[in-house]
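Each reported figure results from applying straightforward, stated rules to the coordinates on display, with no laboratory input. This is a predicted model, so every value here is computed, not measured. Counting neighbours? That spans all protein chains shown, and the Cβs are built from the backbone with ideal geometry, glycine included.
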Amino acid sequence: MRKWIGVGLVWVVTLVATGLWVHAQSNPRVIPPPRQAPTPDNEIPIIISGNDIGFRVDGWNKDGTPTGRIVVHQEGKWLEVTLSGRVRPLTAN
C-alpha cells in the first residue's frame, strides 16, 4: 500500500511540475497602449493595404482599435467595397 501512495505522490508532483514548466514557457499577452486618434490637420486617408485590397482607417476606438472600411485598388484608385451576402443559421444534420 505504501508503494502505491509513493507512486501517486510522485505522479502528482510530476504533474504539477510539468504544468508549472509549461505555463512558464508561454508568452505573456501584451496589450498595446491605446493609439492617439489622428489629428484633423491630416486629412489624407490612412490605408493599411496589400497589393489590391486594403482597410481605410476612418477613426479610432477608445482602446486604440482602428475603425474604417474595406477598400480595393482598381485603376489607380482606392474604391470602397459593398459586402454582399446573407447570414444563415447553422444547422446540424
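Output yes when any residue across the range 61-77 is more than 22 Å from the chain's Cα centre (by Cα) and among the β-branched types (Val, Ile, Thr), and no when none is. So that I can check it myself, show each step before the final result.
Restricting attention to the range 61-77, the residues satisfying the condition of being more than 22 Å from the chain's Cα centre (by Cα) are 72-77.
Filter again for among the β-branched types (Val, Ile, Thr), leaving 72.
Yes, because at least one residue in the range 61-77 is more than 22 Å from the chain's Cα centre (by Cα) and among the β-branched types (Val, Ile, Thr).
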Exercise. Any residue in the range 78-91 that's closer than 13 Å to SER49 by Cβ: show its pairings with residues that are in a loop (DSSP other than H, G, I, E, B) and not basic (Lys, Arg) at Cβ separation under 8 Å, as long as the two are six or more apart or on different chains.
Key: TRP78/PRO45
Practice problem: Identify all residues within the range 47-61 that are out of contact with any strand residue (DSSP E or B) (no Cβ under 6 Å at 6 or more places or on another chain) and closer than 13 Å to LEU79 by Cβ; write none if there are none. | Solution: SER49
